[in-house]
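Asks: Okay, here's the structure, questions in a sec.
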Amino acid sequence: MSNQALHEKLEQTRAILSVKLAELINMTAIADRNNDDEDSFTQENSELAIATTSVMMVNNQTMQLIKNVQDLLSLTRSIKEKWLLNQIPVMEHSEEPRFDEERIGQLLDNCIETFIAEQTT
Amino acid sequence: MTTQEPTSEHTSSEIGIKLALDPNLITLALSSNPNSNLHSPTSDEPIPESAGKVDVDAQLEGDEVENKTKKDNDKRLKFLKSKDSLVSNPHEIYGSMPLEQLIPIILRQRGPGFKFVDMNEKELENEINQRDDNDNDICSNEKEDTDAVKEDAQVEEDFMEVDYEDKNDVANPQNETEHKTNESSETDENVATVMTQEQFVKRRRDMVEHINLAMNESSLALEFVSLLLSGVKESTGMSSMSPFLRKVVKPSSLNSDKIPYEAPTKKEYIELDILNKGWKLQSLNESKDLLRGSFNKLSYILQNEHDYWNKIMQNISNKDVIFKIRDRSSGQKLLAIKYGYEDSGSTYRHDRGIANIKNNIESQNLDLIPHSSSVVKGTDFLHSVKKFLRVRIFTKIESEDDYILSGESVMDGEGKNGEPEIKDIRKQIQVLKKIIFEKELMYQVKKECALLISYGVSIENENKVIIELPNEKFEIELLSLDDDSIVNHEQDLPKINDKRANLMLVMLRLLLVVIFKKALRSRISSPHRVTNLKVDDDILLIRPILGKVRFANYKLLLKKIIKDYVLDIIPGSTIVEKEVKREESHENENIEDENITRLNKEIRAFDKLLNVPKRELEIKLPLSMHNCPCLSLMLESPNYCNALIHIKFEDNAGANAVAFNTTFSDFKEVEDFLHFIVAEFIQQKNV
């Protein structure tokens with residue numbers, strides 16, 4: 001996913017999240033409001049509908065909320081992956097290890113000698 | 001049609017029913033009626049006329065002309081009109097006619113002596129007014145007609161009559177007004193003339209639209225009723241159903257019943273309300289549980305993720321090769337790290353050195369799961385897969401013709417000391433690197449062995465290589481950590497050759513590093529990627545080491561020969577051993593690249609190991625001799641394991657100067673040759 005797409009997706013998810021949350025809060029508010037106009041008999045039919053649909057709606061909103069949070073999680077993961085995988089290795093030429101050919105030669109000579117010595121004696 | 005009657009024919013030809021809109025819209029359904037064929041449709045004839053008349057006032061002159069034509073030529077109209085349709089639209093007949101044809105028709109209708117030029121608006125208006133008067137006169141006649149019609153209509157089917165009446169009502173309100181009074185018709189006309197054409201067209205369109213809508217609605221209603229009816233009386237219902245509905249919907253599939261509506265009482269309402277609230281409460285509770293559950297789950301996951309990335313951040317530097325990978329067994333997306341030496345010049349392909357990075361939740365650690373060991377599960381894999389090389393030296397016991405173990409290389413630190421839980425991912429990588437390095441070393445050693453059978457190198461089994469020398473035997477073996485020979489002999493006493501065994505192992509490793517470096521160099525300097533090392537030139541692991549030993553043996557032998565054949569015979573002579581100057585290899589020297597220069601430098605550092613052994617033995621003859629001849633031998637092993645002896649002899653003294661420069665590969669021949677030289681040229685001189 002490109003940076004742009006990631007950014008857009010993030011923004012989108014964030015927007016959906018806030019909308020869904022607001023809707024869910026609204027849904028609970030419906031229950032409260034009904035307390036006020038208890039006497040209105042005319043409403044009662046539509047209220048039955050609200051009751052059934054709102055069960056469904058609340059459920060639905062909750063699921064969407066969860067789903068989006070999960071999306072958010074996977075998004076952050078891909079962002080982190082991007083960060084990790086797109087690192088450019090830093091070349092560290094400055095502290096080049098001292099490479100002492102003389103010393104190596106000496107050591108090798110020594111080594112070969114010891115190795116052969118036993119054999120030949 | 002029901003309205004048609006022979007008696008009304010000639011009167012109604014003058015007036016008829018007046019329609020203000022395209023009558024064909026309505027006639028469509030009726031046109032199929034066979035009655036219209038039987039009776040001449042003349043009674044309807046005036047309808048278009050009047051319709052046309054309304055049109056005339058507002059429309060273009062062309063239209064006007066048309067209308068005029070038809071007004072004046074009833075006969076013609078009658079002839080032209082299609083016999084099937086109840087009413088016909090004159091515009092339909094003449095509208096599409098080109099003027100060249102239309103004008104002659106008009107002329108003919110007007111009778112001889114009429115010129116088209118004479119026709120003007122005023123005249124036409126007059127004519128129209130005249131006609132309107134006639135219309136009103138005939139109104140009374142028409143009423144009689146309709147009475148007659150009604151009588152007749154009763155014979156016909158009911159719904160047909162309905163149709164007819166509908167048409168009359170809906171389609172022609174204007175007509176009715178005209179029926180009522182003269183004046184009203186005139187005012188109508190006046191209004192009509194005042195209207196602009198656009199307004200008129202618009203109104204007409206609106207009206208047509210509305211009528212279409214109404215028709216649609218009514219036909220829908222009819223369909224509905226028919227379907228409902230088909231439940232009770234199928235044939236009746238079917239007959240009024242549209243073919244489409246008949247085809248698509250099963251008859252009598254709709255039913256209705258009347259249910260009396262009872263207004264709920266207050267008690268009922270309250271119950272309902274309580275029920276509603278109960279539902280709501282329940283759903284909110286459910287949602288709460290759901291949210292809480294997923295919150296717990298997600299925060300757990302989040303915590304793990306957080307830990308994981310933290311650990312990655314701490315442990316993985318940007319020097320590591322990290323990439324995404326999909327686990328073959330589980331299909332999970334994972335991060336993998338490459339710990340193998342491929343980028344450092346390794347060409348080992350049996351294990352690419354890739355490990356998945358897995359988060360071990362229990363131990364709060366990152367686990368590396370190498371791909372090669374996918375079978376082995378869990379954290380024990382490092383232990384069971386850990387392989388290492390061991391070099392053992394066996395010394396031959398002359399008397400028994402058998403070998404005893406005289407030296408063994410030790411295993412490196414952590415494996416033996418054993419931290420069963422390797423916490424740090426860095427350490428895990430180290431271990432893995434070590435393992436893969438050892439595996440590759442063994443692999444390359446085995447490859448090299450194929451060339452060295454004639455020098456006493458053999459592969460005993462998949463993981464064991466034996467190098468035999470006259471008085472000792474080397475064993476290079478790839479072992480896993482839990483091998484029996486390790487477990488049982490952990491506390492063995494140090495042996496005499498342990499150090500040599502270790503040195504040999506170190507040298508083997510160094511040589512593999514040199515191979516890597518060379519491969520890397522050639523990869524950088526040439527565009528062709530080296531995928532496989534050539535055993536002959538590239539893999540130098542056993543040969544340099546073996547060569548050193550063999551060369552030492554050759555040298556000993558040669559010295560012995562010299563001693564026997566030269567030193568012992570010529571007293572006072574000595575051997576001087578000299579290093580042979582080597583010409584520097586200028587391979588790749590001309591390539592200006594920082595990396596290559598560095599690699600060259602690094603490779604050169606190991607020349608001591610890699611150089612082909614070469615020694616010069618100069619024999620110093622006693623100084624007392626004047627003009628002493630020069631005898632020197634050069635021993636070298638071009639392919640590390642063989643021996644070539646160059647013998648140089650120069651004697652410039654005296655008249656007959658002698659010079660030899662020969663090469664032998666057999667020590668026996670060297671013996672003979674030395675003997676010959678010493679006997680012929682050196683001893684004789686002395687004598």
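The values are calculated or read from the model by the stated rules, or taken from the named source; none is laboratory data. No experiment lies behind these values; they were computed from the predicted model shown. With ideal geometry, Cβ positions are generated from the backbone for all residues, glycine too; neighbour counts draw on all protein chains shown. Side chains are part of the model used for accessible areas, which takes the heavy atoms of the whole protein and leaves out ligands, DNA and RNA. Shrake-Rupley method; radii C 1.70, N 1.55, O 1.52, S 1.80 Å.
Asks: Under the definition of partner shielding as Cβ atoms of other protein chains within 10 Å of a residue Cβ, what is the mean value for peptide B:322-332? Each step should come with its number before you reach the end.
Replies: Values: counts 4, 3, 4, 0, 0, 0, 0, 0, 0, 0, 0.
Taking all residues of B:322-332 together, the mean is 1.
Asks: Moving on. How far apart, in nm, are two points set 7 Å out from the Cα along the Cα-to-Cβ line at B:S242 and at B:I103?
Replies: Each label point is offset 7 Å from its Cα along the Cβ direction, giving 4.7 nm.
Asks: Using only alpha carbon positions, build the gyration tensor of region B:269-366, then give the equivalent ellipsoid semi-axes as the square roots of 5 times its eigenvalues, largest first, whole angstrom.
Replies: Values: eigenvalues 523, 41, 17 Å².
Taking √(5λ) for each Cα gyration eigenvalue gives 51, 14, 9 Å.
Asks: Additional query: Buried accessible area between A and B (1.4 Å probe, both chains summed, ligands and nucleic acids excluded), in Å² to the nearest 100? Mind showing how you got there, number by number?
Replies: Values: alone 10650 and 41340 Å², together 46640 Å².
About 5400 Å² of accessible surface is lost on pairing.
Asks: By accessible area of protein heavy atoms, probe 1.4 Å, what ranking do A:D100, A:D71 get, highest first? Mind dumping the intermediate values first?
Replies: Values: A:D100 65, A:D71 40 Å².
Sorted by accessible area, descending: A:D100, A:D71.
Asks: Which whole number gives the average, over all residues in A:73-82, of C-beta atoms from other chains lying within 10 Å of the residue C-beta?
Replies: Details: counts 4, 2, 0, 4, 5, 2, 0, 6, 7, 0.
Average per residue, whole number: 3.
Asks: Here are some pairs, B:K578/B:K601; B:K447/B:K614; B:K258/B:K280; B:K434/B:K495; B:K439/B:K555; which of them have Cα atoms lying more than 28 Å apart in this structure? Present the calculation step by step, with values, prior to reporting the outcome.
Replies: Details: B:K578/B:K601 26 Å; B:K447/B:K614 26 Å; B:K258/B:K280 33 Å; B:K434/B:K495 26 Å; B:K439/B:K555 35 Å.
The answer is B:K258/B:K280; B:K439/B:K555.
Asks: Taking a 1.4 Å probe, which of B:L102, A:L21 shows the most accessible area, and what order do the others take after it? Mind showing how you got there, number by number?
Replies: On the way: B:L102 5, A:L21 85 Å².
Descending accessible area places them as A:L21, B:L102.
Asks: Ranked by accessible surface with a 1.4 Å probe, highest first, in what order do B:I561, B:I354 come?
Replies: On the way: B:I561 10, B:I354 35 Å².
My answer, sorted largest first, is B:I354, B:I561.
Asks: While we're on this one: Where does each of A:2-9, B:200-207 land if you order them by average Cβ count within 10 Å, highest first? Can you show the working numbers first?
Replies: Numbers: A:2-9: 11.2, B:200-207: 12.9.
Order by mean packing, descending: B:200-207, A:2-9.
Asks: If you don't mind, there's one more thing I want to ask. Of B:K433/B:K548; B:K518/B:K560; B:K446/B:K517; B:K358/B:K464; A:K20/B:K266, which pairs sit farther than 31 Å apart, going by alpha carbon to alpha carbon? If you can, show how the numbers build up before the last one.
Replies: Details: B:K433/B:K548 29 Å; B:K518/B:K560 39 Å; B:K446/B:K517 20 Å; B:K358/B:K464 34 Å; A:K20/B:K266 36 Å.
Violating the 31 Å Cα-Cα cut-off are B:K518/B:K560; B:K358/B:K464; A:K20/B:K266.
Asks: Once you average over the residues of B:283-294, how many Cβ atoms of partner chains fall within 10 Å of each Cβ? All intermediate terms of the calculation are to be shown ahead of the outcome.
Replies: Values: counts 12, 8, 1, 4, 13, 2, 1, 6, 6, 0, 1, 7.
Mean partner-chain Cβ count within 10 Å for B:283-294: 5.
Asks: Please turn the phi angles of region B:322-328 into ³J(HN,Hα) values with the Karplus equation 6.51 cos²θ - 1.76 cosθ + 1.60 (θ = phi - 60°), one per residue in order, whole Hz, x for glycine and proline.
Replies: The phi angles translate into 10, 8, 8, 8, 10, 5, 5 Hz.
Asks: Using protein chains only and a probe of 1.4 angstrom, how many square angstrom of B:S480 are accessible, to the nearest 10?
Replies: 30
Asks: On to the next question. With every protein chain left in place, what is the accessible area of B:M507 in Å² (1.4 Å probe, nearest 10)?
Replies: 0
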